[in-house]
Amino acid sequence: MKVYPINNLYTMTVHTPQGSVVVIGAGTQGRRLAYMWSSRGGSVFLVDLNQKQLKDGLEYVEQLRTEATGHSGTWGDVQISTPDSLESILHSAWLVVECVPENLALKQKILSQLDSLAPSHTIIASNSSSYGIGEVIEGMDLRCSSRLLSAHCSIEIMGHNDTDPALIDLLFDQCEKHGFSPFRVRQSSIGYIYNRIWAAIKRETLLALSEGVCNPEEIDAIFKDVLKTPKGPCEQMDVVGLDVVHDIEKHYAEARSGLPSEPREYLQKMIQDGKLGVKSGSGFYKYKTDQQG
């Protein structure tokens, strides 16, 4: 595993952010970010190739706003867009966040494009749940690497060797103002803080299932009973998407030796059977159409 110590060598001039936030990817996390970043009146652009995903994402934002309690102030606009107009909407963005699937080559392609198109003052953040920004940009020829950082759901913020520390401070401050509860990851870490712990829970859950120790219902029931959480591990994995969970597990296995293969094999079998979780209508559990998205 490569370690990227956060020793910042270069500092940009940082001002109070003006302009919009651009979110690349209208999936589960992207649409949630669009809702949060527009919660204090800011303008957000939600970008995706998939028109249905864009429509569903916008409907999700409106649903959350309807359900919001105690919100005071003005909601910002959330506009949907395709990559065709990316250059024009980046022109006025202070922050752009990639929320594309957990595929390293895809993330590198998107970040390279953002680095070439976004103005020099725009912060570029990766929302990857397992790849740190140092891993993603290794070997890439970037115009301005000091403005790139990791921001998983804008809860955990992590830089790389050359990330401008002032930008981390700025994003941390803005996350707090927009209702997030951010944490700083002080050393480069695959999976940040929470996902490192969550990965162990997922892996042990899948291992227990592969060994026939229990069924998903029993795991979720005992987990919720002991820890008083609203969802158990299997329910959570269904929400994330079992294909995404599998990609993350593959990355952990590539980076850390000695991890058992049974959890990945168990997931692979489910994926081959078309069980991706909520989005496919079936995973560990079955779901109605109106639960998807």
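Of the trypsin sites (Lys or Arg not before Pro) found in the stretch 150-207, the ones in coil according to DSSP and having at most 16 other Cβ atoms within 10 Å of their Cβ are Arg186. Taking a straight line from the alpha carbon of Lys286, these aspartates and glutamates sit under 17 Å away, with near neighbours fewer than eight places off in the same chain left out: Glu217, Glu218, Asp220, Glu235, Asp238, Asp243, Asp273. In this structure, Leu104 and Asp225 have a Cβ-Cβ separation that, at R0 = 35 Å, corresponds to a calculated FRET efficiency of about 0.40. Compactness of the stretch 20-185 is given as radius of gyration and Dmax, 14.8, 47 Å, from Cα positions.
Volume of the convex hull of the chain (Cα atoms only), normalised per residue: 136 Å³.
Counting Lys and Arg as +1 and Asp and Glu as -1, what is the net charge of the other residues whose Cβ lies under 10 Å from the Cβ of Phe284? My count for the surroundings of Phe284 gives -2. Shown is the FRET efficiency for Glu176 and Ser112, computed with R0 = 35 Å from the Cβ-Cβ distance and rounded to the nearest 0.05: 0.70. Most tightly packed first, judged by the mean number of other beta-carbon atoms within 10 Å of their residues, the peptides 136-147, 240-251, 85-96, 59-70 read 240-251, 85-96, 136-147, 59-70. Among 225-231, 44-50, 167-173, the peptide with the highest mean count of other Cβ atoms within 10 Å heads the list, and the full ranking is 44-50, 167-173, 225-231. Rolling a 1.4 Å probe across the protein heavy atoms gives the chain an accessible surface of 49 Å² per residue.
Length gained on full extension, Glu62 to Asn50: 2.4 nm, using 0.36 nm per residue less the C-alpha separation.
Proximity of backbone amide H atoms, modeled 1.01 Å from N, is registered between Glu156 and Phe183 at under 5 Å, excluding neighbours fewer than 5 places apart on the same chain. Compute the label zone of Glu204 within the stretch 257-280: residues whose backbone N is under 17 Å from the point 7 Å along Cα-to-Cβ. Backbone N within reach: 259-264. Our note on the geometry: Cα centres of the stretch 92-116 and the stretch 230-283, 24 Å apart.
Chymotrypsin sites (Phe, Trp or Tyr not before Pro), restricted to the stretch 176-254: which are DSSP loop and have at most 11 other Cβ atoms within 10 Å?
Passing both the DSSP loop test and the Cβ count: no residue.
For the stretch 195-280, report the % of Cα-Cα distances exceeding 20 Å. Here the long-distance tail beyond 20 Å is 29 percent of all Cα pairs in the stretch 195-280.
Please compare each pair in Lys231/Lys275; Lys107/Lys269; Lys177/Lys275; Lys177/Lys288 to a cut-off of 30 Å on the Cα-Cα distance and tell me which ones are over it.
Pairs exceeding the cut-off: Lys177/Lys275; Lys177/Lys288.
In this label model, Glu262 and Lys288 are separated by 3.7 nm, measuring between points 7 Å along each Cα→Cβ vector.
The values are calculated or read from the model by the stated rules, or taken from the named source; none is laboratory data. Being a predicted model, the structure only gives us computed values, none of them experimental. Using ideal geometry, Cβ is built from the backbone for each residue, glycine included, and neighbour counts are taken over all protein chains shown. To get the accessible areas, we keep the full protein, side chains included, count just its heavy atoms, and leave off ligands, DNA and RNA. Shrake-Rupley method; radii C 1.70, N 1.55, O 1.52, S 1.80 Å.
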